[in-house]
1. Over the chain, what is the mean sequence separation of C-alpha contacts under 8 Å (at least six apart), divided by residue count, expressed as relative contact order in percent?
2. Say the cut-off is 20 Å between C-alpha atoms; which of K97/K237; K87/K114; K75/K128; K114/K141; K199/K317 go over it?
3. Around D72, which amide H atoms from residues at least 5 apart in sequence, or from another chain, sit under 5 Å from its own amide H, with H modelled in the peptide plane?
4. If one computes P(r) from the Cα atoms of segment 161-268, what percent of pairs lie at distances over 23 Å?
5. Quick one: length gained pulling K317 to D118 fully straight, 0.36 nm per residue minus the C-alpha distance?
6. Under 5 Å between amide H atoms, partner at least 5 residues away or on a different chain: which partners does A228 have, H built in plane at 1.01 Å?
7. What list of ³J(HN,Hα) couplings, whole Hz, do you get for segment 206-214 from phi and the Karplus terms 6.51, -1.76, 1.60, once you set θ to phi - 60° and write x for glycine and proline?
8. How many Å³ per residue does the convex hull of the Cα positions in segment 140-182 occupy?
Amino acid sequence: MSATSTSETALRERVCACGASLFRRGLTFGSTGNISVSLPDGGWLMTPTNASLGELDPASLSKLDAQGRHVDGDKPTKVGEKAATLKMLKHLYLARKTGNQDVWVYSPPKAYRKWVFDEIKGDDTSTKSKLQQEREVYSAKEREIMGDALQEAASWCQKVQINIATTAGEDMVKAWFMDSAATPQNLAQAISTLKDGFKKVETVCRSGQLIFSDEPGDRNSGGWKDWAFVYKSEAMKVVYLQGAFVKAGNSGKKTMCALTIVHELTHKILGTNDHRYDYDGLKPTATFPFAKAIDNADSWGYFAADICGMLSESDRKKTLS
């Protein structure tokens, strides 16, 4: 058996302690569940197949190198599944941490046309070939841009809650949400809805719950030209960022990136819809009345940018046409 470094020994003991803790609290039973941890040399430790988390032996943990090859300990049998898990974790980044805000980004290899658990299947040769794919969808710079845009989106949400109580803020609510038939009651309803909604969106922006991710099926079927989307029914809070978002961020248009995040989170958190987009014109009218404007994600995004002073006069006039 090869010599084991002190750091690796400590990691082995921590994996076993974590497994025992989960087992004692009834969070796993029998041989269900598995634990893995990355090593400083790029390799991995993982619990063996069919092992009880309550009876782990540090020396028996499976050890794989950076290419997914078995090196030491018990040999895992479900190699494909475990390799896919490790590959997913390798491309999942905590891109930034500010206070309680964690910016998580999943950036898989560009060569992947499907999700990692569908991509890494088949014989050992195929698996190893897929594991060697390293060029990612999002660069380190682009992950940083996502963090900046999320920070700006959170700041907007906070400012909306303050500025909406002013006369100027009320005028902006009228401009973005009130059609000619809207009543004073509609205005009061809009202000209350917006204030409460932006508070909820801010909470998510400043949490550790949000994930920015690629969606390989969408990327490889023509969707990459768009900005972003969410699955409303998905339990996790994931915003799938597409090519237009990345292009805007790389060209310095971070305001549009922040606006996109607000837009998508109102879908995810508040259940808004897409009645119109900016290029359709967002001015409330008889055909785009208050009821639709207050439920329109792009109206929320552009209103936030405007009330925070981040929308140019030309863009404001064009969008409110």
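1. Over the chain, the number comes to 14 percent.
2. Pairs exceeding 20 Å: K114/K141; K199/K317.
3. Long-range HN contacts for D72: K63.
4. Within segment 161-268, distances greater than 23 Å cover 42 percent of Cα pairs.
5. Contour length minus Cα-Cα distance gives 66.9 nm.
6. Amide H neighbours of A228, under 5 Å, 5+ apart: Q242.
7. Each residue of segment 206-214 in turn: 9, 9, x, 8, 8, 10, 9, 8, 7 Hz.
8. 80
Every read-out reported here was derived from the displayed coordinates using simple, explicitly stated rules and does not represent laboratory data. It should be emphasised that the depicted structure is a prediction, and the values quoted were computed from it without experimental measurement. Here the Cβ is made from the backbone with ideal geometry for all residues, glycine too, and neighbour counts use every protein chain on show.
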